[in-house]
Amino acid sequence: MSISTYSELTASVSNWMHRSDLVSMVPDFIQLGEVMLNRDLRLASMENVSTINTSITDRFATLPTGFLEAIDLALYSDSYPQVLTQVPLSEINFRSIATGSLALPHFYAVTSNIVFDTISDQVYPCALRYYKKLDITTDLTNSVLTNSPDLYLNSAFLYASIYTKDDQRAAEFRALLSEGIKTENRKDARNKGKAMLLVEPGLRRRIAGDIFTGESW
């Protein structure tokens, strides 16, 4: 059976549980399981980019819907991107007191919104790259469900086991889910690390020579 949509997921969870009396609880099990996935999964497929703007009246910008965690924030000044540095809120507040006047932001912190180190001297557009929450009930499908349906199934079964007070089964599904999440995060990290180092054509040819005379061969 294909498991790539929310309706297929709910049907599969219901079938695998073999508990007709728990069918009405399946959406809750899936939603609670997804909370665990959002807490621990950090995959390239969850990355998203939103445009936010600095302000000339305060140091804040609203986080995009579904924000989980910031990856980086690039501010565009004269169309040139400048990556800002993320720091703790305590350091942002210190820098704000020290700065005093309107200026180009260089630092930011994340709380319930984006907090810049200074009020901007003009409105600057920024590209926020971040991890976005999985929301299967709204989106109805996503790459995690398509590529790794076992994560959704095991997370739902975990909460079904907790609900029925089956500690042994809960421990089994917790272990399966933990290993599945670790595997997906490791695989994704390896893919992100496969960057090719490009060398200028003139440097690719091996050249030997005498360092004292300068002669080469």
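Here is a yes/no grid of residues against (1) over 20 Å from T62 (Cβ atoms); (2) modelled with pLDDT of 95 or more; (3) touching a Ser or Thr at 6+ places or on another chain (Cβ under 9 Å):
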{"position": "L75", "(1), (2), (3)": "no, yes, yes"}
{"position": "I97", "(1), (2), (3)": "yes, no, no"}
{"position": "A109", "(1), (2), (3)": "no, yes, yes"}
{"position": "A127", "(1), (2), (3)": "no, yes, yes"}
{"position": "K132", "(1), (2), (3)": "no, yes, yes"}
{"position": "L140", "(1), (2), (3)": "yes, yes, yes"}
{"position": "L151", "(1), (2), (3)": "yes, yes, no"}
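Please verify whether D150 is in the same structural domain as L32 (by TED's automatic domain parsing) and under 22 Å from S50 (Cβ atoms), treating the condition exactly as stated. So D150 does not fit the description; no. Would you be able to say whether some residue in segment 157-173 is aromatic (F, W, Y), assigned by TED's automatic domain parsing to the domain that holds V35 and touching a Lys or Arg at 6+ places or on another chain (Cβ under 9 Å)? Yes.
Of all helices (runs of 4 or more DSSP H) completely enclosed by segment 1-102, which ones contain at least 3 residues that are of a type in the set (A, V, I, L, M, F, W, C) and in the same structural domain as L176 (by TED's automatic domain parsing)? Output list reads 6-17, 26-40. Within the bounds of segment 136-148, is there any residue that is in contact with a strand residue (DSSP E or B) (Cβ under 8 Å, 6 or more places away or on another chain), of a type in the set (S, T, Y) and closer than 18 Å to F67 by Cα? No, segment 136-148 contains no residue that is in contact with a strand residue (DSSP E or B) (Cβ under 8 Å, 6 or more places away or on another chain), of a type in the set (S, T, Y) and closer than 18 Å to F67 by Cα. Right, L68: of a type outside the set (V, I, T) and at pLDDT below 95 or not? When the stated conditions are applied, L68 does not pass them.
Within segment 24-43, residues that are within 23 Å of S14 (Cβ to Cβ) reach partners that are in a helix (DSSP H, G or I) and aromatic (F, W, Y) with beta carbons closer than 7 Å, at six or more positions or on different chains, in the pairs M25/Y163; F29/Y159; I30/Y152; L32/Y159; G33/Y152; G33/Y159. Looking at S143, is it surrounded by fewer than 20 Cβ atoms within 10 Å (Cβ to Cβ), at negative phi, of a type in the set (G, A, S) and without any contact (Cβ under 8 Å) to a residue 60 or more places away in the chain? It is false that S143 is surrounded by fewer than 20 Cβ atoms within 10 Å (Cβ to Cβ), at negative phi, of a type in the set (G, A, S) and without any contact (Cβ under 8 Å) to a residue 60 or more places away in the chain. Consider L37 carefully, then state whether it is modelled with pLDDT of 95 or more and either among the aliphatic types (A, V, I, L, M) or over 17 Å from the mean Cα position of the chain (by Cα) (or both). Yes. All conditions in (1) modelled with pLDDT of 95 or more; (2) within 15 Å of N154 (Cβ to Cβ) hold for W16, with the sole exception of (1).
The values are calculated or read from the model by the stated rules, or taken from the named source; none is laboratory data. Bear in mind that the values here come from a model prediction, so they are computed numbers and not experimental data. Heads up, the Cβs are rebuilt from the backbone with ideal geometry, glycines too, and the neighbour counts pull from every protein chain shown.
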